[in-house]
Amino acid sequence: MWHFDRDFLEELGPWVAVYPQAFMERRPLMCQHPNHRQPIFCILPPHIIDALVQRGTPRQRALALRALGVDHTLRALRATPRTLVPGIRRRPSAMGAEAQKQRTIYDAHSIETLPGDVVRSEGGPPTGDVAVDEAYDGLGATYDFYAAAYNRNSIDDEGLPMLATVHFGQDYNNAFWNGEQMVFGDGDGELFNRFTISLDVIGHELTHGVTEDEAQLVYFFQSGALNESVSDVFGSLVKQRVLNQTAEQADWLIGAGLFTANVNGVALRSMKAPGTAYDDPVLGKDPQPAHMNDYVRGFADNGGVHINSGIPNHAFYLAATQIGGYAWEKAGRIWYETLLDAQLRPTANFQRFASLTLAHAEKLFGAGSPERQAVSQAWNEVGIAVT
């Protein structure tokens, strides 16, 4: 049974009137498998695809329209995501000696059927196919991150095998987590490179699985923006750990490398400076706000989940850089413990999430600690007062 926060209901009211079925099925209107209630979380936000439809070349428009209709093509999916039971929350158990990575990479051969043919399994040598090997390494880096930093055994903390399909569709401009596996397109080569190129994208998408397993944050409005933000946070931390970067050294970009040289931009999003990741004649300008004063209201993108996530993203960046050191050790630990907290309801808003991070900072490091002060100051700087 959900508990609906007042702010969530106020934002949701007009949406339910327009899209009652989508609300009742707890699903977004895009990137949705048509045969079940499990959202499919895509890395490329709707506003970028919409921009391609409006301003792209004929080929770019055609590919964008195909991406917009991905829910229809996904009827060929053979995988059925696991059913998660709302309201059941557990703490991660200590990883046993048997805990180990179980990776399998499939090749879809440029068609839209999953999973495809097995091309690399756990322990297998590199194949020479850059997308296959990047996916394999990205899954491993994400597994290793959660295991080493938070003693978590795979996405579900129970050793879930990590699966990925590459070369999905013809020049498909996206990557997504479907509740059971990762799927990567090759990009169109004009505006987008292959979607395995960015390690933080892989970490981002797999973290949607962690969030599904722990918090079931509803993919609408502020809870949906938190869902996206949590994936950005830990996706960035996966990359930072692989590169052995401190918070000061990190670029705090999500999707760096995805754009070709034809795009005036550096990434899909910037946690350091939301709203500055790209400004391109075709793709438009990065619409993310960094402060609640610029919070975007509306129904597009499930209430702006890919847009307003810039606010909690920036709060994490501020906290992590103020604390210093490796961001996954302290700031990341605070956010991770918050994600696991039973008090984090599926419909939580920014205020509730912020208050819980402050509580966990105090619990982990003390009431008068620099870490608690950094978290409090970070949220205040983005316009969310916490006490």
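Computed from the coordinates by the stated procedures, all read-outs in this text should not be read as laboratory data. Since this is a predicted model, take the numbers as computed values, not measurements. Methodologically, a virtual Cβ is constructed for each residue, glycine included, from the backbone with ideal geometry; neighbour enumeration extends over all protein chains shown.
Some observations on this one:
- 13 Å cut-off, amide nitrogen to a point 7 angstrom out along ILE111 Cα→Cβ, residues in the range 157-185: 168-170
- For the range 225-273, the spread of Cα positions along the three principal axes, ordered from largest to smallest, is 30, 27, 18 Å.
- LYS285/THR387 FRET efficiency (R0 30 Å; Cβ-Cβ; nearest 0.05): 0.30
- Value of D in µm² per second that Stokes-Einstein yields for the range 122-238, Kirkwood Rh from Cα pairs, at 20 °C (1.002 mPa s): 147 µm²/s
- Measuring against 22 Å, Cα to Cα, the residue pairs LYS101/LYS363; LYS239/LYS272; LYS239/LYS285; LYS101/LYS272 contain LYS101/LYS363; LYS239/LYS285; LYS101/LYS272 as the ones spanning a longer distance.
- FRET efficiency for the pair MET292 and SER121, taken as 1/(1 + (r/R0)^6) with r the Cβ-Cβ distance and R0 = 56 Å, rounds to 0.75.
- Normalised by 2.2 N^0.38 Å, where N is the number of residues, the alpha-carbon radius of gyration of the range 179-286 equals 1.09.
- Dimensionless Rg ratio for the range 268-312, taking C-alpha atoms and the 2.2 N^0.38 Å reference: 1.09
- The range 275-387 gives an Rg/Rh value of 1.01, both radii derived from C-alpha positions and Rh following Kirkwood.
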